[in-house]
1. Round to the nearest 0.05 the FRET efficiency obtained for residue 213 and residue 287 when R0 = 22 Å and r is the Cβ-Cβ distance.
2. Each label point is 7 Å from the Cα along the Cα-to-Cβ direction; what then is the distance between the points at residue 222 and residue 337, in nm?
3. Pull out a ≥ b ≥ c, the square roots of the eigenvalues of the alpha-carbon gyration tensor of the stretch 125-213, then state rounded if a/c is under 1.5, prolate if not and a/b is larger than b/c, and oblate in the remaining case.
4. Roughly speaking, what is the stretch gain from residue 277 to residue 126, that is 0.36 nm per residue apart minus the C-alpha to C-alpha distance, in nm to one decimal?
5. Pulled fully out, how much extra length does the chain show between residue 117 and residue 157, if you take 0.36 nm times their separation in residues and subtract their Cα-Cα distance?
6. Between residue 70 and residue 169, what is the label-point separation in nm under the 7 Å Cα-to-beta-carbon projection?
7. In what sequence do 308, 137 fall when counting other Cβ within 10 Å, fewest first?
8. Under the classification rounded if a/c is under 1.5, otherwise prolate if a/b is larger than b/c and oblate if not, where does the stretch 155-269 fall, given a ≥ b ≥ c as square roots of the Cα gyration tensor eigenvalues?
């Protein structure tokens with residue numbers, strides 16, 4: 001006589017498998033289909049991603065920092081298909097590149113380990129949490145942000161809001177008082193859903209928040225400018241200097257005073273390049289551009305492409321983030337030939353890979 005599973009047990013097992021299968025299908029469709037991803041934005045519950053594992057991502061990151069990341073399988077066919085376009089290669093990476101190191105670099109907390117391994121400073125962490133247990137921070141100046149998605153950012157000085165990039169919530173007015181209760185509420189909202197499910201790297205992260213001390217210039221009063229390097233296999237091809245990222249009056253990003261200035265990484269001179277119709281500013285001194293380039297080259301070593309986002313504190317540079325999908329491949333460069341030049345830089349093999 002053979003013993004079989006009770007029918008109810010078999011049914012439960014089948015339902016559990018079906019639920020798992022549907023969950024995988026929904027997650028996969030959200031990444032692969034722009035239409036599904038747009039519908040799922042701000043709606044995908046975080047519990048669907050509870051199998052994501054920070055420890056495994058850190059292991060991939062450490063391995064890449066030591067030996068270099070594997071070359072992506074998508075790149076050679078994409079480069080051979082026609083004249084390379086940087087934007088199209090970003091989109092191809094989003095659609096087909098599934099290397100875990102991309103996810104590890106995207107996490108705003110895990111990426112600090114990459115900087116540590118490369119000997120570059122990062123902003124001081126006042127607290128980090130996966131559970132929204134927010135302590136009293138006091139009058140420190142800090143950025144409070146989600147670690148698992150783009151946006152979701154509040155800038156705080158003296159216990160008051162000075163900038164806010166919301167994730168669906170009502171915009172906080174500049175000067176609003178910041179309390180642990182407010183931050184806990186934002187944390188609960190931000191970690192409840194996966195906000196950008198169209199970018200694969202974000203879909204592999206565990207929701208969380210971090211509060212980082214703001215970086216200032218040497219005068220202690222002027223916020224550090226952003227310096228962004230488009231770097232390929234440890235060689236920077238283009239340096240972007242960003243000032244006044246947040247408008248002081250409205251607290252909104254991309255205010256009227258924002259300036260994006262581009263530089264040649266070798267000579268340091270300004271270039272007649274613009275992006276997304278943003279005006280240029282005074283830019284950086286050539287020597288400072290070259291210093292930024294050297295920092296970026298070290299951070300990008302072993303990666304086929306990364307945009308390295310630094311804070312310029314005057315005396316030193318801090319790593320802010322590593323961006324693997326700049327504007328989802330939708331940057332409007334002027335002149336448009338810049339898109340092709342960056343694409344060719346990405347397709348060139350063997351330039352300082354390790």
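Each reported figure results from applying straightforward, stated rules to the coordinates on display, with no laboratory input. The structure presented is a predicted model; accordingly, all values stated were derived computationally and were not measured. Positions of Cβ are backbone-derived with ideal geometry, glycine not excepted, and every protein chain shown enters the neighbour counts.
1. Details: r = 27 Å, r/R0 = 1.23.
The calculated FRET efficiency here is 0.20.
2. For the pair residue 222/residue 337, the computed spacing is 3.4 nm.
3. prolate
4. Additional length available on full extension: 50.8 nm.
5. 11.4 nm
6. Label-label distance for residue 169 and residue 70, simple model: 3.9 nm.
7. 137, 308
8. Working: a/c = 2.21, a/b = 1.32, b/c = 1.68.
Judged from the Cα gyration tensor, the stretch 155-269 comes out oblate (a/c at least 1.5, b/c at or above a/b).
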